[in-house]
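See below for the structure under consideration.
The values are calculated or read from the model by the stated rules, or taken from the named source; none is laboratory data. A quick note: this is a predicted structure, and the numbers were derived from the prediction, not measured. Here the Cβ positions follow ideal geometry from the backbone for every residue, glycine too, while neighbour counts run over all protein chains shown. Heavy atoms of the whole protein, side chains included, go into the accessibility calculation; ligands, DNA and RNA do not. Shrake-Rupley method; radii C 1.70, N 1.55, O 1.52, S 1.80 Å.
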Amino acid sequence: TNHFANFNPVKNLELSVTGIAQLPLAAKPILQLSQGRKIFAFYGEMGTGKTTIIKELCRQLCSHDSFSSPTYNIVNEYLLSPSSAVSKIYHIDFYRVNNIEEAIALGIEDYLSGDSYCFIEWAELIEPLLPQQTVKISIKAEHYNRNVSIFIK
């Protein structure tokens, strides 16, 4: 499914990196292009590096928490430094969630309407709930390389 077919981005950026180890290099351009937006939706097959980029985004936003994939808890909460204007980052992984109703029951609408950063893996499940200003990031694996596409309305 092409989640960007009707998206008509105002800005987009294509990055290509060699291997997962280089994926953190994509974090800085993502934050620069996002211009203060706080909702980020990540698309890509298992193992393409969604969590790797999210960990680096958290570091660059000055969180000093230990980061892990929230596949089993569904939502991980990270704190930002007290000097930050935003106090929290929510890292949400919908891999094990079966449908949009389950996501709503987990409180996704509260996360999306709050002031905190939200980094959402497997965002396909909640596509209709995503705000218009969502930064959409697609990661595709091509052998060892990763192609990262950033779409912003």
| said: Could you work out what % of the accessible surface of the chain is carbon and sulfur, using a 1.4 angstrom probe and leaving DNA, RNA and ligands out of the count? | reply: 49
| query | So, by mean Cβ neighbours within 10 angstrom, what's the order for 120-131, 13-24 with the highest one leading? | reply | 120-131, 13-24
| Taking a probe of 1.4 Å, how large is the accessible area per residue of the chain, in Å²? | 52
| At Gln132 and Arg37, where each label point lies 7 Å from the Cα along Cα→Cβ, what is the point-to-point distance in nanometres? | 1.2
| message | Please list, in order along the stretch 27-39, the HN-Hα scalar couplings obtained from phi with the Karplus expression 6.51 cos²θ - 1.76 cosθ + 1.60 (θ = phi - 60°), rounded to whole Hz, x for Gly and Pro. | response | 4, 4, x, 4, 5, 5, 5, 6, 6, x, 5, 10, 10
| query | In Å, what Rg and Dmax follow from the Cα atoms of the chain? | reply | 14.4, 41
| said: Given an 8 Å cut-off on Cα distances and at least 6 residues of separation, report the relative contact order of the chain as a percent. | reply: 37
| Computed over the stretch 82-147, Kirkwood Rh from alpha-carbon pairs, angstrom | 13.5
| task | Report, in whole Å, the centroid distance computed from the Cα atoms of the stretch 10-46 and the stretch 94-153. | result | 13
